[in-house]
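Presented below is the structure to which this report refers.
Please treat every number below as a calculation from the coordinates, not as lab data. This is a predicted model, so every value here is computed, not measured. Cβ atoms come from the backbone with ideal geometry, glycine included; neighbour counts cover every protein chain shown.
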Amino acid sequence: MHKKLFIPGPVDVAPDVLEKMATPMIGHRTKDASNLQRSISEKMQKVMFTDRQILLSTSSGSGLMEGAIRSCTRKRAAVFSVGAFGKRWHEMAVANGVLADLFESEMGKPTTPGMVEEALATGKYDLVTITHNETSTGVMNPVEAIAKIIKKYPDVVFALDTVSSMAGTKIEVDQLDVDICITSTQKALGLPPGLAICSISEKAIEAAKQVSTRGYYLDLLALYEYIQKKDYQYPSTPSLSHMFALDYQLNHILEEGLENRFQRHLEMAKYVRSWAEKHFELFPEEAYASNTLTTIRNTKGISVADLNKKLGERGYSISNGYGSLKEKTFRIAHMAETTLEDLKALLNEIDDIIK
């Protein structure tokens, strides 16, 4: 039996999108491949509210995160973390010999504009990484307020992880002046895992030109220059199957209407938050609660593993807490093609099991 997924990725994928993954192959050096890539880029620019170049990477979002911090840090990176995935960005820097400092918020608390201002005012940093939406703690950072601070430092490259929020909430890349905005397919975009996407600014490109050891496969400058020169093709073979499905799914997203999609995600988030506060407690402060998943404090001391096992018998799956938050929290995702009706059905089952 297939369990309906309410986990923070991979998400359930619509059958017609899955079918597109089975499209017969084309040569990745053909005009058809160029046209496919160009079509995806133009649609992703609409979803991301940007005129900047779109890059694709056959990897998870972590691939482009590593590519960004390695390709564009000239002096030192300031890495802000509100959970496991912000910390991962720091681990990537260290593993690649990139100088970086980690600024951690208390679990469930956001990165504040004041924290960013304090770090950048030292003049030590030329790249800053922010996690927009953290799936371990359920925190969605106040990116508009943070962006205003970063704009005061024109030499600093702004890298933003929107892996679990892009296409589920409005992120206006150009207005926020994000230099590298990263997402991937298996969350709110509603596709299988395996493809990462980012927008990249001229500032980030110029920064990368000053870095000599950018790596090979994840060198953002090489990806950028290759598609300029070779008419939307890539140095190595991309996942054409994902590209066929992404091009098709982006049509669906744009047909739903971006504002409608964002509103649907917000309505689902509000419903789960209200349920959580009635039966348990929200883990993050409500003002910083994510619109694509909710992390719930396990105030009743139930066995989350047992709850999930019983949900599995009824055809559903949620997520236990992540890392040190295991059993202390649990997580319910509400992203991609999930509907409010789907969520209500899940929460009714949880109510019944807990009773």
Practice task
Starting from the amide H of residue 333, placed 1.01 Å from N in the peptide plane, find each other amide H under 5 Å away whose residue is 5 or more places distant or on another chain.
Solution key: 7, 294, 319
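Under a Cβ-Cβ cut-off of 14 Å, what is the net charge of the residues other than residue 257 that fall near it, where Lys and Arg count +1 and Asp and Glu count -1?
Details: positive: 43, 46, 170, 261, 264; negative: 255, 256, 259.
Net charge in that neighbourhood comes out at +2.
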Practice task
For the range 159-190 and the range 277-353, write down the distance between their C-alpha centroids in whole Å.
Solution key: 24 Å
Practice task
Would you grab the residues whose amide H sits under 5 Å from the one on residue 104? Only those 5+ places off in sequence or on another chain, please, with H modelled 1.01 Å from N.
Solution key: 81
Exercise for the section: Could you give the size of the charge dipole of the range 278-355 about its Cα centre, using +1 on the Cβ of each K and R and -1 on the Cβ of each D and E, expressed in debye and rounded to the nearest 20? Expected result: 300 debye
Practice task
Could you list which residues have their amide H under 5 Å from that of residue 59, counting only those 5 or more apart in sequence or on another chain, with H placed in the peptide plane?
Solution key: 195, 196
Exercise for the section: Using θ = phi - 60° and the Karplus relation 6.51 cos²θ - 1.76 cosθ + 1.60, list the HN-Hα couplings for the range 259-275 in order, rounded to whole Hz, with x at every Gly or Pro. Expected result: 5, 5, 5, 4, 5, 4, 5, 5, 4, 5, 4, 5, 5, 5, 4, 4, 5
Completion exercise
Exposure-ranked with fewest Cβ neighbours within 10 Å first, 224, 216 stand as 216, 224
Exercise for the section: Enumerate the calculated ³J(HN,Hα) couplings along the range 75-87 in order (Karplus 6.51 cos²θ - 1.76 cosθ + 1.60, θ = phi - 60°), each rounded to whole Hz, writing x wherever the residue is Gly or Pro. Expected result: 9, 7, 9, 9, 9, 9, 10, 10, x, 4, 7, x, 4
Problem - Estimated distance in nm for a label pair at residue 19 and residue 121, the labels positioned 7 Å out from Cα along Cα-to-Cβ - result: 5.9 nm
Problem - Options 197, 302, 226, ranked by Cα towards positive dipole end of the range 152-307, top entry (Cβ charges) - result: 302
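Tell me the net charge near residue 89. Cut-off is 13 Å between Cβ atoms, residue 89 excluded, with +1 for each Lys or Arg and -1 for each Asp or Glu.
Surrounding charge for residue 89 is -3.
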Practice task
Mind checking which of 103, 252, 238 is farthest towards the positive end of the range 25-254's charge dipole, using Cβ charges of +1 (Lys, Arg) and -1 (Asp, Glu) about the Cα centre?
Solution key: 238
Practice task
Would you order 157, 11 from fewest to most other beta-carbon atoms within 10 Å of each residue's own beta-carbon?
Solution key: 11, 157
Fill in the blank from the handout: Computed ³J(HN,Hα) along the range 212-224: with the Karplus parameters 6.51/-1.76/1.60, θ = phi - 60°, integer Hz and x for glycine or proline, the list is 8, 10, 8, x, 10, 5, 9, 6, 5, 5, 4, 4, 4
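Hey, got a sec? Which trypsin sites (Lys or Arg not before Pro) in the range 280-320 land in a DSSP loop and have at most 13 other Cβ atoms within 10 Å?
The qualifying sites are 300.
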Practice task
Arrange 122, 338, 292 by Cβ neighbour counts within 10 Å, fewest through most, would you?
Solution key: 122, 338, 292
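Let me know the shape class of the range 35-74, please: from the alpha-carbon gyration tensor, a ≥ b ≥ c as square roots of the eigenvalues, rounded when a/c is under 1.5, otherwise prolate if a/b is greater than b/c, or oblate.
Taking the square roots of the gyration eigenvalues as a ≥ b ≥ c, the range 35-74 is prolate.
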Exercise for the section: Check cross-link reach from residue 328 to the aspartates and glutamates: straight Cα distance under 13 Å, and skip same-chain residues fewer than eight apart. Expected result: 281
Practice task
With 31 Å as the limit, write out which pairs from 187/344; 87/151; 20/310; 20/270; 3/31 have Cα-Cα distances beyond it, or answer none.
Solution key: 20/310; 20/270; 3/31
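Quick one: net charge around residue 100, please, counting Lys, Arg +1 and Asp, Glu -1 for every other residue with C-beta under 14 Å from its C-beta.
Local charge sum for residue 100: +2.
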Practice task
Only Lys, Arg, Asp and Glu count, each charged at its Cβ (+1, +1, -1, -1), so figure out the dipole size of the range 25-254 about its Cα centre, rounded to 20 debye.
Solution key: 380 debye
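Please work out whether the range 25-254 counts as rounded, prolate or oblate from its C-alpha gyration tensor, where a ≥ b ≥ c are the square roots of the eigenvalues and a/c under 1.5 means rounded, while otherwise a/b larger than b/c means prolate and anything else oblate?
In terms of gyration-tensor shape, prolate.
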